[in-house]
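Written below as structure tokens is the structure these notes are about.
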Amino acid sequence: MDAIRIRGGNPLRGRIRVSGAKNAALPILCATLLSPGTCLLRNVPSLRDIHTLAALLRFLGRDTEVGEGTVAVRAEGANVRPEAPYELVKQMRASVLVLGPLLARYGRARVSLPGGCAIGARPVDQHLKGLEAMGARIELDRGYITAKGPDTEKGRLRGAEFCFDNVIVTGTEHLMMAASLAKGRTVLSNCAQEPEVTELAQVLNSMGSQIQGAGSHQITIDGVDELRPCDHIVASDRIEAGTFMVAAAATAGDVIVEGASFEHMHGFVSKLRDAGCTVTRDDDGVRVRRDGPLRPTNITTAPYPGFPTDMQAQFMVLMCLANGRSIITEMIFENRFMHVSELARMGANIDVRGNTAIVHGVPNLSGASVMATDLRASASLVIAGLVATSHETDILRVYHLDRGYEHIEHKLARLGADITRIKDARA
Ligand code: EPU
């Protein structure tokens, strides 16, 4: 397994371009199952999760070609096999999003339950209840979800009214896709408003769906008989952008993050400013710089447009170096403080009580060997390594990082970081 070695202390300076958004590309790739013909996605990041989903699409019978920043998914002559095995689904939870499109298109599907996850239980009950509201008959058997369309309507899902128990990003995306080919109108309430939901709705509409209200709490979908293929450029990754912005702030640097969308980061940007960073719009993205000390800042994660849970771990590193006490409350996932014990090995002073972390700022962090536990925790350890002023940091189990950050070591090195990948290091 690879490791990342960082010698910290260099302020990051320069320009960096953000890649396409993983969490936008994944549901759009699942949506390609809804149409005949060839779908083309551009600006797709080269990430482990994308390759995992491409392998799943191939397994399902789609000719899927991953190129330089592109993925082409061809349905022609496909030998459809609406069945997603555990071996592929367990590698990435978002794989469960193939269920709704397969069911909507072929009237049946069998998809493995995703299983455990480091950051929380992450059930899919709301996804399944929503599909049931559309007439699907769902059975759980030996770790698999078997779904069939209703007996009436020749197995075609039917429009329904469904209110999510809580705000769920992939759940909203999942039901939007399934409802696109249902008979009649579906009204989804308490929907996630994340930009990735809006982007998926735009793509589905370009394919012929009739979706209104994406980006608000209520989404209306008028089902259509068939969809056409899409050709779409994936938007920039706001979490990757945010990660570089925190890295710039943490190292007291000055970085322009090209492609970062200011509009999609208000909740996060206002907290960066509270912490003492200067954040401005640039022609081509967002500029972050810091000259003065870091101020303690409290954050509470929330669905969009609140502070994203996917930025909590990275922001915590910033607060480790602030001049005072910050309180960080995680409201989305029940176990998303796995980075705390690793940061403590680097000299951070953090108390965790339930879903709250009390961060007492320290003057410096020092390098150590640390273990990545999930994607965003790994990103926080990279930032901690960049600021550690004594000793080098080795981040083990980098495969987590590779799920969500494209060439992160090359990008950070271009900004002046002393960072290298060590191939096949021992974990
Ligand atoms: N939940 C339920 N029932 C469900 C589904 C979810 O109770 O049927 C709960 C979960 O347990 C969790 C909360 O609802 O407490 C939020 O889960 P959600 O389903 O919104 O998360 P997700 O859709 O599985 C997406 C992103 C995550 C991101 C979250 C929150 C993708 C592929 N994943 O996950 O991204 O953290 O929304 O914004 O879009 C990451 O990129 O590192 C990542 C984990």
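Since every read-out is calculated from the coordinates, none of them should be taken as a lab result. This structure is a prediction, so every number in the text was calculated from the model and none was measured. So basically every Cβ, Gly included, is an ideal-geometry build from the backbone, and we count neighbours across all protein chains shown.
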Problem - Selection from 18, 188, 8, by position along the positive dipole direction of the chain (Cβ) - result: 8
Fill in the blank from the handout: Pseudo-spin-label distance residue 217 to residue 138, built 7 Å along Cα→Cβ, given in nm, is 2.3
Practice task
Just need the relative contact order of the range 316-427 here, percent rounded to a whole number, with Cα pairs under 8 Å and 6+ apart.
Solution key: 23
Practice task
Please tell me which of these pairs span more than 28 angstrom C-alpha to C-alpha: 22/183; 22/154; 22/129; 271/423; 90/183; 90/154?
Solution key: 22/183; 22/154; 271/423; 90/183; 90/154
Practice task
Give a quick list of GluC sites (Glu not before Pro) in the range 301-359 that DSSP marks as loop, anything other than H, G, I, E or B, with at most 14 other Cβ atoms within 10 Å.
Solution key: 334
Handout entry: Sequence-distant aspartates and glutamates (8 or more away, or on other chains) whose Cα lies within less than 14 Å of residue 148
Key = 83, 132, 139
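How much length is gained on full extension from residue 80 to residue 334, taking 0.36 nm per residue of separation minus their Cα-Cα distance? Walk me through the intermediate numbers first.
On the way: separation 254, 0.36 × 254 = 91.44 nm, distance 3.77 nm.
Between residue 80 and residue 334, full extension yields 87.7 nm more.
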Practice task
Return the FRET efficiency for the residue pair residue 399, residue 59: r is the Cβ-Cβ distance, R0 is 25 Å, and the value is rounded to the nearest 0.05.
Solution key: 0.75
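Suppose a student asked you for the relative contact order of the range 146-227, using Cα pairs under 8 Å spaced at least 6 residues apart; what percent would you report?
Numbers: 164 pairs, mean separation 25.7, N = 82.
Value for the range 146-227: 31 percent.
Remind me, relative contact order of the chain in percent, using alpha carbon pairs under 8 angstrom and six or more residues apart? Display every interim value, and only then the final one.
Values: 1074 pairs, mean separation 92.0, N = 427.
With pairs under 8 Å counted, the relative contact order is 22 percent.
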Handout entry: Most to least packed among 231-238, 298-305 [average Cβ atoms within 10 Å]
Key = 231-238, 298-305
Exercise for the section: Taking 7 Å along the Cα-to-C-beta vector as the label spot, tell me the residue 1-residue 323 distance in nanometres, rounded to one decimal. Expected result: 4.0
Completion exercise
Both in Å, the radius of gyration and Dmax of the C-alpha trace of the range 216-330 are 17.0, 60
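Given the range 145-227, what percent of its DSSP beta bridges are antiparallel, to the nearest 5?
On the way: 7 of 12 bridges.
That works out to approximately 60 percent antiparallel.
Looking at the chain, what % of its DSSP beta bridges pair antiparallel, to the nearest 5?
Here the share of antiparallel DSSP bridges comes out near 70 percent.
Expected output is a single nm value to one decimal: the length gained when fully extending between residue 407 and residue 68, i.e. 0.36 nm times separation in residues minus the C-alpha distance. What is it?
Values: separation 339, 0.36 × 339 = 122.04 nm, distance 1.35 nm.
Extending this stretch completely gives an extra 120.7 nm.
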Practice task
Would you work out which of 398, 248, 202 lies farthest towards the positive end of the dipole of the chain? Charges go on Cβ: Lys and Arg +1, Asp and Glu -1.
Solution key: 398
Exercise for the section: In nm, give the distance between the simple-model label positions of residue 13 and residue 225, each being 7 Å from the Cα along the Cα-to-Cβ direction. Expected result: 6.5
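Relative to the Cα centre, what is the charge dipole magnitude of the chain, using +1 at the beta carbon of each Lys and Arg, -1 at the beta carbon of each Asp and Glu, and rounding to the nearest 20 debye?
Its charge dipole is roughly 400 debye.
Multiplying the sequence separation of residue 284 and residue 46 by 0.36 nm and subtracting their Cα-Cα distance, what value in nm do you get?
83.5 nm
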Exercise for the section: Please list the non-local residues whose amide H lies under 5 Å from the amide H of residue 284, H modeled 1.01 Å from N, same-chain partners needing a gap of 5 or more. Expected result: none
Exercise for the section: Return the percentage of antiparallel bridges among DSSP beta bridges fully within the range 302-420, rounded to the nearest 5 %. Expected result: 70
